[in-house]
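This report refers to the structure that appears directly beneath it.
The values are calculated or read from the model by the stated rules, or taken from the named source; none is laboratory data. Since the structure is predicted, the reported quantities are computational estimates derived from the model, not experimental observations. Reconstructed Cβ throughout: ideal geometry from the backbone, glycine too, with neighbour counts over all protein chains shown.
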Amino acid sequence: MILLSLQLLFKLNSGYTYAPVVHTFLEKYDLKDKTIMPIVTNGGWLGHTIDDIKKYCSNVTNELVLKFDKNKLVTDSSVINKFIE
Ligand SMILES: Cc1cc2nc3c(=O)[nH]c(=O)nc-3n(C[C@H](O)[C@H](O)[C@H](O)COP(=O)(O)O)c2cc1C
């Protein structure tokens, strides 16, 4: 199987960027030629997460930032629909 694109879904839980496990994944696999669409759940302080991903993935085409307030998704559904299109 050849992986051409990847939707990378993760939750922010390490303060202003992705968790160490995501870092390990990005370091281990060569994603330079892959189309990457990060989907990031967060509490509203995204920090430099997307920039950090772009250091490993030059082909980030689209990103979806899903903001939660406690258990409630506060990102508008129009943002999600636009990402899916
Ligand atoms: C230890 C810890 C660190 C977190 N750091 C961040 C952060 O840096 N930025 C952010 O926006 N949200 C942060 N969050 C909030 C989570 O990303 C947010 O609650 C989650 O994406 C929503 O999923 P949940 O319902 O599983 O909590 C953190 C949460 C935890 C537990």
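Considering only residues of region 19-33 that are farther than 16 Å from Ile50 by Cα and part of a loop (DSSP other than H, G, I, E, B), which is modelled with the lowest pLDDT? So the residue we want is Asp33. The set of residues in region 51-85 being within 12 Å of the ligand (Cβ to nearest atom) and either in contact with a Lys or Arg (Cβ under 6 Å, 6 or more places away or on another chain) or not charged (D, E, K, R) (or both) consists of Val65, Leu66, Phe68, Asn71, Leu73, Val74, Thr75.
Checked against the criteria, Gly15 counts as small (Gly, Ala, Ser), within 16 Å of the ligand (Cβ to nearest atom) and either in contact (Cβ under 8 Å) with a residue 60 or more places away in the chain or out of contact with any Lys or Arg (no Cβ under 9 Å at 6 or more places or on another chain) (or both). Among the residues of region 44-64, some residue qualifies, meaning at least one is exposed (fewer than 14 other Cβ atoms within 10 Å of the Cβ), charged (D, E, K, R) and not in a loop (DSSP other than H, G, I, E, B).
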